[in-house]
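The structure appears below as structure tokens.
The values are calculated or read from the model by the stated rules, or taken from the named source; none is laboratory data. Quick caveat, the model's predicted, so the values are computed rather than measured. Here the Cβ is made from the backbone with ideal geometry for all residues, glycine too, and neighbour counts use every protein chain on show. With ligands, DNA and RNA removed, areas are computed over all heavy atoms of the protein, side chains included. Shrake-Rupley method; radii C 1.70, N 1.55, O 1.52, S 1.80 Å.
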Amino acid sequence: MKERNEKLMNVFWLRTYVLQKNSTRWKYLMKRSATETTFVTAFLIFLFLVIASALSFAGWIDLAKYSGHFYKKVAKSTIKPQIFEYPLDCNAWNKTKTCPRTYPTSYKPLNPNNLTCPEYFRWIHEDLRHWKNTGITREILEKAKKYANFRLIILDGKIYIERYEKYSIQTRHLFTMYGIVQLLRWYPGKLPNLEIMFDTNDRPVVAAKDFRQPNSGPPPLFRYCSDWRSMDIVFPDWSFWGWAETNIRPWRSMVKNIKEGNKRSNWKDRIPFAYWRGNPKVSPIRKDLMKCNVTPKQNWDTLLYIQDWVDQSRKGYKESNIEDQCTHRFKIYVEGWAWSVSEKYIFACDSPTLYITPRYYDFFMRGMIPQQHYWPIRDTDKCKSLKFAVQWGNNHTDKAQAIGKAGSDFIHEDMKMERVFDYIYHLLNEYAKLQKFDPVVPPNATEICSESLACPSDGIWRKFMEEALEKSPSNTEPCTLPPPYNPQQLKAFIEQNIKATKQVEAMEDEYWSRLNKKQ
């Protein structure tokens, strides 16, 4: 029991809760109300102008006193501002092999945004706390070079890359760079000067045990996931801008596709089993999961399928569309070699996610709470834990459906592309505040932009980059970053998560105890 408590403490010290409700009916009524009142509003404005003109002609009022203020309001309410788009300019790139200078270097949002960012943004402070006292010096930054695939420099609104020879899986580095370039197009002129080191491989490498002394100066290294033993800084993964090797489209497109996939079947009409599809060869925990598959001799209420990406590429990925996989009442999440990109797609299906106890976390999972956004599954006894979860969900359909919907709403709202950009924006800004040196462009660095990355590409790589291109600056300001947790808040957060998980485990133990007594 003591070992289990310690494990849960390690798992949950980087998780938190946020749930924003979104009323579809309210949006419908607002849209309808706006349509119905348009004619009435236009008629009243016309009538007012006629009467005001008549009174002015009779000399009863001086219209000049009010004209400026009134007509500005009328213009603001009736004339839609023109939004300019800036597509890829491959003609300019092909001629000069230099980045075009036609994109705006600053912007004024049409609808200033005073929204507070989702709760999980508070973990930006936690990820950067290791450098709060010392700051990030040039010496500390250079320590991260031995782990990095590339150094990224933002200087005076331009982005530069210094590539290293370290192996990078597939084209992760390319789409990560492309994502940061899109952030600059989304919020032009708002990113500070900075230098970061980025590792595009899976597992964290900056071990906390090596930097236990005060002011020990761990190397600041960005990557896609971390764990409680490490100090790596988490950053949204490359697939938000497309994963060409697996035919997974950019996130804006995928969210729309999955929403359509959700509409194809009501949750209660879905197959009442737990579903997982993936590559079991990448980790022992996945190989162990395959023992829980349905066979003629056993039924753990799980349907598990092996995903052969080579075979799927030959078939044109016809059997691996993510939007076609929202067909079961329950979805299983299990880590791979580290955290898995599949996480966000699994949660988006409106089905409760049966979340096998992880070791690693990405940037958003720390905003989700057991029993509210997902159902926790023991990693030590997966089959029994999964069986109980499915049985409980099928016997408590309203509660299970609510969990699935909450997890899905989190992904579709708090994880939409605008919020992903906001997370990166605040992460880089907070990081830049810690820098104790002036960024410089190394001799071997090259400037990158949408054109330098997309125009030389071809096939699906080019297609996805065009699809993920931000053609115009944002209409809003970034959301407001919430403050860091204080020790009391963090303690309460940890205890809340552990309590919710242990409640599930207690129910599970009671279920199997009763079942064994009957046999």
### Message
Among the residues in segment 196-208, are any open to solvent by 20 Å² or more (accessible area, probe 1.4 Å), more than 17 Å from ALA144 (Cβ to Cβ), in contact (Cβ under 8 Å) with a residue 24 or more places away in the chain and among the polar types (S, T, N, Q)?
### Response
no
### Query
Given the residues ILE169, ILE161, ILE233, which is the only one that is surrounded by fewer than 20 Cβ atoms within 10 Å (Cβ to Cβ) and either over 15 Å from the mean Cα position of the chain (by Cα) or in the same structural domain as PHE121 (by the TED database) (or both)?
ILE169
### Cβ-Cβ under 7 Å pairs, at least 6 apart or on other chains, segment 242-264 side outside any loop (DSSP other than H, G, I, E, B), far side of a type in the set (D, E, K, R)
SER253/GLU467; VAL255/LYS416; ASN257/GLU323; ILE258/GLU323; GLU260/GLU323; GLY261/GLU323; GLY261/ASP324; ASN262/ASP350
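Being closer than 23 Å to VAL255 by Cα, open to solvent by less than 20 Å² (accessible area, probe 1.4 Å) and in contact with a Leu (Cβ under 6 Å, 6 or more places away or on another chain): is that true of ILE424 here?
Taking the combined requirement at face value, the residue satisfies it.
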#### Entry: Every pair of residues 6+ apart whose Cβ atoms lie under 6 Å, when the first sits in segment 435-449 and is more than 24 Å from PRO100 (Cβ to Cβ) while the second is of a type in the set (S, T, N, Q) and modelled with pLDDT of 95 or more
LYS436/THR137
### Summary
In segment 135-178, anything in contact with a Leu (Cβ under 6 Å, 6 or more places away or on another chain) and part of a helix (DSSP H, G or I) is listed as ALA144, TYR147, TYR178
### Summary
Considering only strands (runs of 3 or more DSSP E) wholly within segment 287-374, the ones with at least 2 residues that are surrounded by 23 or more Cβ atoms within 10 Å (Cβ to Cβ), in the same structural domain as ASN395 (by the TED database) and among the charged types (D, E, K, R) are 328-333
### Selection count, segment 384-397, where residues are buried (at least 18 other Cβ atoms within 10 Å of the Cβ) and over 29 Å from the mean Cα position of the chain (by Cα)
3
### Query
Which residues, counting only those in segment 468-500, are in a helix (DSSP H, G or I) and touching a helix residue (DSSP H, G or I) at 6+ places or on another chain (Cβ under 6 Å)?
ILE494, ASN497, ILE498
